[in-house]
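Below is one structure, written out as structure tokens; comments come after it.
Nothing in this text is a laboratory measurement; each read-out follows from the coordinates by a stated rule. Just so you know, these numbers come straight off a predicted model, no measurement behind them. Here the Cβ is made from the backbone with ideal geometry for all residues, glycine too, and neighbour counts use every protein chain on show.
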Amino acid sequence: MRKIYVIGIGAGDPDQLTVQAVRALQGVDVFFLVDKGAEKSDLIGLRHEILRRHAGGSSGGRGYRQVEIRDPEREGPADGAGYPGTVDDWRSRRAALYERAIIDELSDGEGPDGNEHPDGNGAPDRDSTGAFLVWGDPSLYDSTLAILEEILARGSVRFEYEVIPGISSVSALAARHRVGLTRVGRPVQITTGRRLAEGWPDGVDDVVVMLDAHQSFRHHLAADPVIHWGAYVGTEDEILVSGRLSEVADRIGESRSEARARKGWIMDTYLLRRD
């Protein structure tokens, strides 16, 4: 059976990989790298650097291959009632591309006669272990696991997969700001900029916001919480800002706009903390 690893590779620093992740990398035959276009070529570049540092070669000295999958563009509304449908359609188109790559690039362990050959005798000369490298942690704000489940549900290809956790952007942000995500006896909520714009979540004073394209923290200037903000956390382009929201909101906005114009893309995360 084909085996796929879903490996969390941290928030951008190649040194953030766990020992478990490094060991998994060194046993992979084919790495599926999702290409998000020239504007985000840095993301592919960092994956190449991670493989150069940590992958080495798979067992038996056969080395590994890299297969790039062009990420489809989202088609549909980016906000409002139609947004969930946009995401569902985008994931399904991604699933079709991932499915084709798995079928084309990984062996199912069967020989030309259709029978399994666990000893390799008579098996086709193809690799059987693949991996997707996921920014941060695969269980947080990522669609790879849902896509693999959709592929399995279609029934066109069979495989087993294993998830290797990674250091999330949320953990990396808290570490860089030297703060804890929780306070004694108090919950923390992870949400999106869209939801934060609708209002502060009930029952919590500590809110982590992922990839807020519209600076939704500005809706809460009157409450004046503390904000710990970071962009490109863990990379050479890392930007960190911390302080009372009323004092640093404009600085964050300016830093964000300048960085996006310079690089063509931005990934940021922040923690809002009310007194």
Please figure out what share of the DSSP beta bridges in the chain is antiparallel and state it in percent, rounded to the nearest 5. 45
Ignoring everything except DSSP H segments at least 4 long, calculate the 222 nm mean residue ellipticity for the chain; use -39,500 (n - 2.57) per segment, divide by total residues, nearest 500. -10000 deg cm²/dmol
Using alpha-carbon positions, what is the distance between the centroids of region 1-44 and region 197-275, in Å? 27
List the relative contact order of the chain as a percent without decimals, with contacts defined as Cα pairs under 8 Å and 6+ residues apart. 23
What's the local net charge at Ala222, with K and R +1, D and E -1, over the other residues with C-beta under 13 Å away? +2
Scan around Ser107 for amide H atoms under 5 Å from its own, H built in the peptide plane at 1.01 Å from N, and keep only partners 5 or more places away or cross-chain. Asp127, Ser128
Using the Cα centre of the chain as the reference point, and only Cβ charges (+1 on K/R, -1 on D/E), how large is the resulting charge dipole? Debye, rounded to the nearest 20. 620
Quick check on region 159-275: take the gyration tensor over C-alpha atoms, sort the square-rooted eigenvalues as a ≥ b ≥ c, and tell me if it's rounded (a/c under 1.5), prolate or oblate. oblate
Which whole-number percentage describes the relative contact order of region 169-273, with Cα contacts under 8 Å and a sequence gap of 6 or more? 31
Taking placed amide H atoms and a strict 5 Å upper bound, the residues 5 or more places from Gly12 or on another chain that come that close are Gly136
What does the charge count near Tyr161 come to, summing +1 for each Lys or Arg and -1 for each Asp or Glu among other residues with Cβ under 12 Å from its Cβ? 0
